[in-house]
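Contents: one structure, followed by commentary.
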Amino acid sequence: MRSTNEIRRSFLEYFGTQGHDVVPSAPLVPYNDPTLMFVNAGMVPFKNVFTGLESRETPRATSSQKCVRAGGKHNDLDNVGYTARHHTFFEMLGNFSFGDYFKEQAITHAWTLLTRVWGLPAEKLLATVYHTDDEAFALWKKIAGLPEERIIRIATKDNFWAMGDDGPCGPCSEIFYDHGPQIPGGPPGSPDEDGDRFVEIWNLVFMQFEQAAGEIVGDLPRPSIDTGMGLERVAAVMQGVHDNYDTDTFKALIAASESLTSVPAAGAQRASHRVIADHLRSSGFLLADGVLPSNEGRGYVLRRIMRRAMRHAHLLGTHDPLMHRLVPALVAEMGQAYPELGRAQPMIEETLEREEIQFRRTLSNGLRLLDEATAGMDEGAELPGDTAFRLYDTYGFPYDLTEDALRSRGIAVDRTGFDAAMAQQKAAARAAWKGSGQSADNEIWFDIAEREGATEFTGYNSTQGEGRV
Ligand code: ATP
Ligand code: MG
Ligand code: MG
Ligand code: MG
């Protein structure tokens, strides 16, 4: 069996020997794109190379990029703990060609690595192509020998990538692994494609057109390649398990959490352990990259992740802060590949502990209020927005934590009411300030506070700059 660490190494080594520069992961906070909250794809650090703003000596690169998808368009937060394949933090393995090789070579590399180097059974693999991309369809037949029924034409945006409204764009081809009929779920393009049977492991993006104002205006002079493969997903495949949370890294983190809480990861507690393991990774890596918990922007996304994990620790019956005691397990698993984790270990532990002590002061009272407010509610009911707002305002419950807490009982939260209560409080604060006769500066401050807000950083919703390998 190959460990996750070996798989990462082997990927980089394969593309290294194929003439690619092996580039270390960029930090999670993007340095080249102020509209993006966190790096969410391997291509993000190379965006300016693809658009031609920057050039590199070598026209090929490969990396294992730290990614966080916990807000905005790419928000996998709600999936964590409940699907077999989504994390808030994950690593994206990628190979990139900047105007060098194109479709044929990209498909050849992917197929060679998966089936020859790693020895995965070809009959378990499927590919999707954009419905009009006859070239990719023919290449999958020729290179991989895939039968036509395992090359699936998809007409949706899932198989068409664009950097925004302007710039490079093109069709993509996603490689899926069939974990077998014992797992529920249908093939890509079918009505039950969201199940876990057919798991997307690798996305190959063929950048070949130029867009302006959302319309294709011509061919790129030098077509490029951008690919992204989820390390945790391919590790599951290679370790013969269908679930990312059963891979070596997650098993070790979950074992540490089981041992510190003395609660086995089974039954209703399974999801809690998974959420804790996942959020430990995203919190640890975000802290190591300089994000600190706060009430706005990136810091608030981090705080939401941390507090959600802390509620699950509480659910497991822990009376003392837990998260900081799991950091050594995280460093043991991932510190070699990412030395910044080890360097930041004392700071990560202190920050997690401080946040958990602080949050635990109000957590039980908040949960009591939540219990009272939902007593007698049945599945399908909705928690009033002003109650969710009180939980937020008085007890420090991020909105999504309340949602997560009610999920197992099938109770929803009134988002519109929550937003209205928030807006009302802001208006009251603004009026109070105006009354104090302060200068126009305060207006600006409130505008910023409203935009960047305590609820969510909205800049991330912009499609501009979204790397969607
Ligand atoms: P999915 O459809 O499963 O949500 P995606 O199409 O959103 O995946 P891409 O944007 O194509 O994902 O990212 C490239 C690869 O990164 C995917 O093929 C997958 O292997 C991996 N990946 C994407 N999102 C996650 C996640 N939240 N957790 C773990 N791996 C992920
Ligand atoms: Mg997705
Ligand atoms: Mg997909
Ligand atoms: Mg994809």
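What the table below lists for this structure:
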| read-out | value |
| --- | --- |
| Boolean, TRP140 is within 16 Å of ligand 3 (Cβ to nearest atom), buried (at least 21 other Cβ atoms within 10 Å of the Cβ) and under 23 Å from PHE15 (Cβ atoms) | no |
| Qualifying residue in segment 191-198 (condition: within 16 Å of ligand 4 (Cβ to nearest atom) and closer than 26 Å to ARG9 by Cα) | yes |
| VAL129 at negative phi and open to solvent by less than 10 Å² (accessible area, probe 1.4 Å) | yes |
| Where a residue in segment 298-323 is under 15 Å from SER364 (Cβ atoms) and its partner, wherever it lies, is in a loop (DSSP other than H, G, I, E, B), with Cβ under 6 Å and at least six apart | ARG307/PRO398; ALA313/LEU322; LEU316/VAL263 |
| Residue within segment 206-215 that is within 16 Å of ligand 4 (Cβ to nearest atom) and closer than 25 Å to LEU114 by Cα present | yes |
| Boolean, ARG354 is surrounded by 15 or more Cβ atoms within 10 Å (Cβ to Cβ) and without any contact (Cβ under 8 Å) to a residue 24 or more places away in the chain | no |
| Subset tally (residues that are basic (Lys, Arg) and over 13 Å from ARG307 (Cα atoms)) for segment 360-409 | 4 |
| Subset of segment 143-177 [among the hydrophobic types (A, V, I, L, M, F, W, C), within 16 Å of ligand 3 (Cβ to nearest atom) and under 16 Å from PHE206 (Cα atoms)] | ILE154, ALA155, PHE160, TRP161, ALA162, CYS172, ILE175 |
| Unmet requirement for GLU210, which otherwise passes all of (1) in a strand (DSSP E or B); (2) under 19 Å from the mean Cα position of the chain (by Cα); (3) charged (D, E, K, R) | (2) |
| Qualifying residues in segment 57-86 (those that are away from ligand 4 (no atom under 16 Å from the Cβ), of a type in the set (Val, Ile, Thr) and touching a residue at least 60 places away in the same chain (Cβ under 8 Å)) - the one nearest to ASP219 (Cα to Cα) | VAL68 |
| Only one of GLU6, GLU54 that is without any contact (Cβ under 8 Å) to a residue 12 or more places away in the chain, of a type outside the set (Val, Ile, Thr) and within 20 Å of ALA235 (Cβ to Cβ) | GLU6 |
| Test: residue in segment 67-76 that is within 14 Å of the chain's Cα centre (by Cα) and β-branched (Val, Ile, Thr) | yes |
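The values are calculated or read from the model by the stated rules, or taken from the named source; none is laboratory data. Note that the structure is predicted; figures quoted are calculated from it, not measured. FYI the Cβ positions are ideal-geometry reconstructions off the backbone, even for glycines, and counts take in every protein chain you see. The area values use the complete protein model at the heavy-atom level, side chains included, leaving out ligands, DNA and RNA. Shrake-Rupley method; radii C 1.70, N 1.55, O 1.52, S 1.80 Å.
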